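Worksheet for the structure shown next.
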Amino acid sequence: MGKKLADLNFTNRLFTRAPFLFSKVAPTPLSQASFLHININLLSRLGIDEYLVETQSFLRFCNGDLDFEGLFYGASVYSGHQFGYYNPKLGDGRAITLGELKNEDENFFELQLKGSGLTPFSRMGDGKAVLRSSVREYLASAHLKALGIPTTEALMILKGEDDVYREEIEKSAVVLRVAESFLRFGHFQYFFHNKRFDELKILVDFSIEHYFSSYFGHPNQYVLFFQDVVKKTAKLFAQWHSVGFCHGVLNTDNMSLLGLTLDYGPYGFIETFDRNFICNHSDHEGRYSYGNQPGIGYWNLEQFAKSLSHLISEEDLVRTLQSYPQIFSFEYKRLLYSKCGLTKIDENSEEFLNKTLSMLDETKIDYTQFFRSLCYFRSADKSLRSIEASPALSQWILDYKEMLLKEDQELSEVTRLEKMLQVNPKFILRNYLAQYAIEDQSIMDQLFLVLSEPYKEWMQFHDWSLPTPDKMKHISVSCSS
């Protein structure tokens, strides 16, 4: 037999160094709890033996109803800008940190229960999570991981029989989520705005030592640290943009220090290309629309930069911030070139990308389907497979053929196809698919599998790659969870 749960190496380096960040919390276990789904791949990476899944102790562990040495039940305080307005005190209103697990490869993972009841920071909330939002977070975190986008992950989803009151009565759930760290911009903002500069420095020093260790002890470590945060953030936003992912609630307290996709709420993927796409029904002014996301990334970094103003000169902060647009633009263009199968970049390449986006905007072709079909384009073809031709598309094809003529002619079309299939997913998590899983939990296994390998053909699930059926286009998602 392998290790028991109590034999695993649990610790909490952050609490040891910065106890002022946390309040101890007693979770509220779900009644009649049972597993809806478990991420076996993540279980393995954590170093937890699969046989433990069948034990009662594992169920209790995931339900916040088990205690042994090394576990730490705590909620952290932070603040943040919500829809552009500063809120001086937020914190983990629904998340409770279990502890930090070190696996046999010396990798550390923070474990959090999301939806386990009241914390000192729940404010007017109940600290609970509903099954609806929990399923969406569970599926999305696995999907973005599979798309190669940095993200927090979810080990399991637990459902209970407790009633939770939102717009209507719903059933409760808990997600056990995992990340190298859940530190967010808002943690640093809280201590800066409260002029607790000694504690702020401890938090920054801890972050550099454990998450940006190559800079630790360097005479310019604070600048290098901030430069890396800016770089990670810019790349994350470029990756979101390239696959058409819209986060929906990019408040500074939802911004990961490590450039991870954090706090899945009313997210959505664009279907027909629309720069003004708003996935959050509560975002009445479109602050967090798809087209606004890159600029919001910069704005949020500006707020984070203010938190470091006692450690970094204004000149270095401004200069570092100014690198964000360049990094984002370079990474976004690189990803789009790759999606188009282009490697030879010249002075005309950017104009071609602009034409591509304009064509998508005009034709309203499904964004994901277009790029997947483009993989099978042959220079002799007159149109793209499965895509209805239009004048704008026909002109774009002529421009695309010119771009292909500049490519390495020794690169076979088969090789090009293989490369493009690796960067253009066939499947994305459309809202209606998440809704299907919420309403019919029997498809969770299949949908999780497909979303975890979205580049495969999965012909038996081909219909899931198609645009949202008309009858399901009415689905709206808000901040309510």
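What follows is calculated from the coordinates using simple rules that are stated; it is not laboratory data. Not measured: the values here are computed from a predicted model. As a convention, Cβ positions derive from the backbone with ideal geometry for all residues, glycine included, and neighbour counts pool all protein chains shown.
Structure notes:
- Paramagnetic label zone (point 7 Å from Cα along Cα-to-C-beta, Gln56; backbone N under 20 Å) in region 149-169: 158-161
- Note, ³J(HN,Hα) from phi for region 459-464, Karplus 6.51, -1.76, 1.60, rounded to Hz, x at Gly and Pro: 4, 5, 10, 3, 4, 6
- Radius of gyration over Kirkwood radius for region 340-421, both on Cα atoms: the Rg/Rh ratio is 0.93.
- With only the Cα atoms considered, region 298-349 has a convex hull volume of 95 Å³ per residue.
- Each peptide in 352-359, 273-280, 168-175 gets a packing score, the mean of other Cβ atoms within 10 Å over its residues, and the list from highest to lowest is 168-175, 273-280, 352-359.
- When all alpha carbon pairs of region 60-218 are counted in 5 Å bins from zero, the resulting P(r) reads 2, 8, 14, 18, 20, 18, 12, 6, 2, 0, 0 %.
- Length released on extending from His193 to Glu209, taking residue separation times 0.36 nm less the Cα-Cα span: 3.4 nm
- Phi angles across region 185-193 convert, under the Karplus curve 6.51 cos²θ - 1.76 cosθ + 1.60 with θ = phi - 60°, into 3J(HN,Hα) values of 3, x, 4, 6, 4, 4, 6, 5, 5 Hz, Gly and Pro given as x.
- Förster-model FRET efficiency, 56 Å R0, Asp361 and Lys4, C-beta, rounded to 0.05: 0.50
- Other-chain or far-sequence residues with amide H under 5 Å of Asp274's (modelled H): none
- Residue list for region 316-337, given a label point 7 angstrom along the Cα-to-Cβ vector of Asn220 and an amide N cut-off under 11 Å: 316
- 20 °C / 1.002 mPa s Stokes-Einstein diffusion coefficient of region 57-122, Kirkwood radius on C-alpha pairs, µm²/s: 160 µm²/s
- Per-pair calculated FRET efficiency, R0 = 45 Å: Ser338 and Ile443 via Cβ, rounded to 0.05: 0.90
- Sites Thr468 and Trp299 - FRET efficiency at Förster radius 22 Å, r taken between beta-carbons, to 0.05: 0.10
- Amide H contacts for Val25 (H built 1.01 Å from N in the peptide plane; partners 5 or more residues away or on another chain; cut-off under 5 Å): Tyr73, Gly74, Ala75.
- With all pairs of separate Cα atoms included, region 104-146 yields a Kirkwood hydrodynamic radius of 12.7 Å.
- The alpha carbon convex hull volume per residue for region 119-203 rounds to 133 Å³.
- A simple rule links phi to the HN-Hα coupling: the Karplus curve 6.51 cos²θ - 1.76 cosθ + 1.60 with θ = phi - 60°, which for region 324-339 gives 4, x, 5, 5, 4, 4, 4, 5, 5, 5, 4, 5, 5, 4, 4, 5 Hz, with x for Gly and Pro.
- Our summary gives region 5-183 a relative contact order of 25 percent, counting only alpha carbon pairs under 8 angstrom and 6 or more residues apart.
- Euclidean distance between Cα centres, region 164-179 to region 92-114, Å: 19 Å
- Taken over the chain, the convex hull of the Cα atoms encloses 164 Å³ per residue.
- The convex hull around the C-alpha trace of region 1-123, projected and averaged over every direction, spans 9.1 square nanometres.
- Packing-based ranking, highest mean first, of 413-424, 196-207 given that Cβ atoms within 10 Å are counted: 196-207, 413-424
- Database remark: amide H of Asn87 closer than 5 angstrom to the amide H of Gly80, His81, Gln82 (H placed geometrically; neighbours at sequence offset of 5 or more, or on other chains; Pro and chain starts carry no H).
- Between Tyr165 and Tyr455, the contour length at 0.36 nm per residue exceeds the alpha carbon distance by 100.6 nm.
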